[in-house]
Amino acid sequence: MPRLADHHVELTVFIGLFALATLLGLAAARWRRPATFNHIDEWGLGGRSFGPCVTWLLLGGGLYTAYTLVAVPALVSGVGAAGFFAVPFAVVAYPLGYVALTRLWSVAHVHRLATPADFVRVRFGSRWLALLVAVVGIVATMPYLALQLVGIEAVLKTLGVGGHWPLVVAFTALALSTYYSGLRGPALVAFLKGTLLLMVIVAVVLLAAMTPGSWAGIFGKAADTFAATPSLADGLLLNPASHVSYLTLALGSALGLFLYPHAVTGVLAARSRDAVARSLTSLPVFTLVLGLLSLAGFLVLSSGITPVGADAAAGVPGDRNTVIPRLFDASMPGWCAGAAYAAIGVGALVPAAIMSIGAANLFTRNIYREFLRPHATPAEQAQVSRTVSLAVKLGALAAILFLDPQFSIDLQLIGGVVILQTLPAVGVGLYTAWLHRYALIAGLAAGVITGLVMLYQIPALGPDGTVTRAHFGGSTWPLANLGVHSGQSVYVGLIAVAVNLAVAAATTPMFRGMGIADGVDRTRDQDYGAEVGDPSIHRLAELVDGAPTDPRDAANDLFPARATQRLLESPKKE
Amino acid sequence: MQDGPAGKPDKLVLRPRHAAQGGSRRRSHRSGWHWLLLLPIAVPLATPLFNRIEPRLFGFPFFYWCQLGFVVLGMGVTATVRRLAGRERR
């Protein structure tokens, strides 16, 4: 067991950098200070003011979460090639998201949308469909947020810090800065996260260079380790039976990535369409960081690092997520290891803050404002969002403190499958409004149920092939269930979303045939190409006839384009 | 199902769905160059292409350096598409 007494330098550096991040988060309230913070656009979307650079850091800091940076290398050190799927996943996600997200930014700019469910609301004219999208978003985000704490916990365990109070302190710091600064907080802290990550990567590359035989030696050792295990699933290459699961996991996760509310929040906070495009072009730089850090998983094997709490003789695997912090601990000077821990700790603050803001915006816009208080002012919305973001974080903290962390991991697995089920409404909806609103609801329900049933059927297998847990043991569904005995398995999310799309496409003509009206699509084709300062599209009403007639209504209006639209379609007054 | 305060039909000019929208407006945000993006989507998913050890680069098996290379490919293609589609826009 690691002892705190051996880690004074690391702990000091870690606490110092963590405190710096907290101060930055609080100071962010004064960064590009707006006239008022009491507006949901200011608190929840940073005033929609971020340029390409800040958007790049904010999205990068939010998507490459602390849990990802800890769990992916741990997975690679456990199974080898199969764990590397995170890299093609992140490669595929950006070209997939490029066109969709620039379209989303434009339509959100014209209609002042703040959440993915807001978009569904204007596109399909159904507040019930929007409600479902919002609920799915919140449900999928909560466990993901909780897992950020698992990342911090891995560091604390390595340092030998016991008890739950450090987690409580860390989360209080996070909650305070988010409450005051809103999205500006994580945006500013993302600068620190980026710097620390850069340092970690340089350190990993140096470590590899100092290892006997350099990378060739590291990979050689890893190959020997995998050859010595009885399991057939591990190795430096994919075995023939794991190709399908590798590529479906990569594709399915990539399709789901930008449906998460925290990803959408980062995109909508951008200042312009081009800022989104530019940041998406350069975001793969973070994928290189993730890729190199995953390979540090092999460095773990060649240096003989064991997880905290592992006991090979007793067959106890220990906490695998601690292998990367343990590697830093064993092979770096104290100050450097401390800074590397801070990269994980600070790395957890950024996504956790964005996730809580994204979930809070969903609640405020698509549940509170839609169903509870339709005339809530923007100031009231901002206050509700702040409070909800606190509640969301408290929930996550409680989940980690009082439940088995494995529960959060299982829920996050389910969350990934479930969030993908909003693809037809949000993703496909960006290109066409052909699908009927009730068909989308039917498809979403079918997809979620299919996904849950399939996940329930997947057992967890130990290294020797015995069943260690009967249900929710993984995210790839063996095709053997269908009588195809090729040994291949497919990512559940992809199957579920296929069912979802099939149901939605099949029931659309049915609903139309029954004479059930489509919702009103308030978007126009050119909205999807709008750029900032494009006078032909945005706020035409204000340009033509001055200020909106009823200021309260205008400030409240989710659809300022409505006025524009009326003008466009009535005979022009010159 | 009633669709809430924002959806009162009397406040809206209802347009026929799927009508030719925007009239003569150029569809400037649709660019043929976008199809190029399929390249960095399809190639990283074709696992048999790169599931091999040789040739190595700096000691990295092909499987690993090739996929890290795809990251650079993805950035290159996306940046190219942004420039070409942006030029069309102007």
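Laboratory data are not the source of any read-out in this text; all were calculated from the coordinates shown. On a predicted model such as this, the values are computed, not experimentally measured, just so you know. Every residue, glycine as well, gets a Cβ built from its backbone with ideal geometry; the counts of neighbours run over all protein chains shown.
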*Theoretical FRET efficiency, 1/(1+(r/R0)^6), r = Cβ-Cβ of A:Ala241 and B:Leu49, R0 25 Å, to 0.05*: 0.90
_Multiplying the sequence separation of A:Phe407 and A:Leu20 by 0.36 nm and subtracting their Cα-Cα distance, what value in nm do you get?_
136.2 nm
_Against the rule of thumb 2.2 N^0.38 Å, how large the Cα Rg of the range B:31-90 comes out_ = 1.39
*Could you compute the FRET efficiency for A:Met210 and A:Trp335, with r as their C-beta to C-beta distance and R0 at 22 Å, rounded to 0.05?*
0.80
*How high is the relative contact order of the range A:345-481, given as a whole-number percent (alpha carbon pairs under 8 Å, six or more residues apart)?*
15 percent
*Each label point is 7 Å from the Cα along the Cα-to-Cβ direction; what then is the distance between the points at A:Ala228 and A:Asp534, in nm?*
6.0 nm
*What's the FRET efficiency of A:Leu176 with A:Thr12 using the Cβ-Cβ distance as r and R₀ = 30 Å, to the nearest 0.05?*
0.85
*asked:* At 7 Å along Cα-to-Cβ for each site, give me the label-to-label distance between A:Val285 and A:Ala505 in nm.
replied: 4.0 nm
_Loop-located chymotrypsin sites (Phe, Trp or Tyr not before Pro) in the range A:138-193, at most 11 other Cβ atoms within 10 Å (DSSP)_ = none
*Please report, in whole Å, how far the alpha carbons of the protein assembly as shown spread along each principal axis, starting with the longest.*
81, 56, 47
*Using the Karplus equation 6.51 cos²θ - 1.76 cosθ + 1.60 (θ = phi - 60°), what ³J(HN,Hα) coupling, rounded to whole Hz, does each residue of the range A:58-71 give in order, writing x for Gly and Pro?*
5, 5, x, x, x, 7, 8, 7, 4, 5, 4, 5, 9, 7
_So for chain A, averaging the separation of alpha carbon pairs under 8 Å that are six or more residues apart and normalising by length, what relative contact order in percent results?_
28 percent
*So what is the 222 nm mean residue ellipticity for the protein assembly as shown from helices alone, if each DSSP H run of at least 4 adds -39500 (n - 2.57) and you divide by all residues, rounding to the nearest 500 deg cm²/dmol?*
-20500 deg cm²/dmol
*Modelled label-to-label distance, A:Thr36 and A:Leu461, 7 Å Cα→beta-carbon offset: nm?*
6.0 nm
*Which chymotrypsin sites (Phe, Trp or Tyr not before Pro) does the range A:320-367 hold that lie in a coil by DSSP with at most 16 other beta carbons within 10 Å?*
none
*Normalised by the number of residues in the range A:79-174, what is the relative contact order in percent for Cα pairs under 8 Å and 6+ residues apart?*
12 percent
_From the phi angles alone, apply the Karplus equation (6.51, -1.76, 1.60; θ = phi - 60°) to the range A:373-389 and give each ³J(HN,Hα) in whole Hz, x where the residue is Gly or Pro._
9, x, 9, 4, 6, x, 5, 5, 4, 4, 5, 4, 4, 4, 5, 5, 4
_chain A - share of DSSP beta bridges that are antiparallel (%, nearest 5)_ = 80 percent
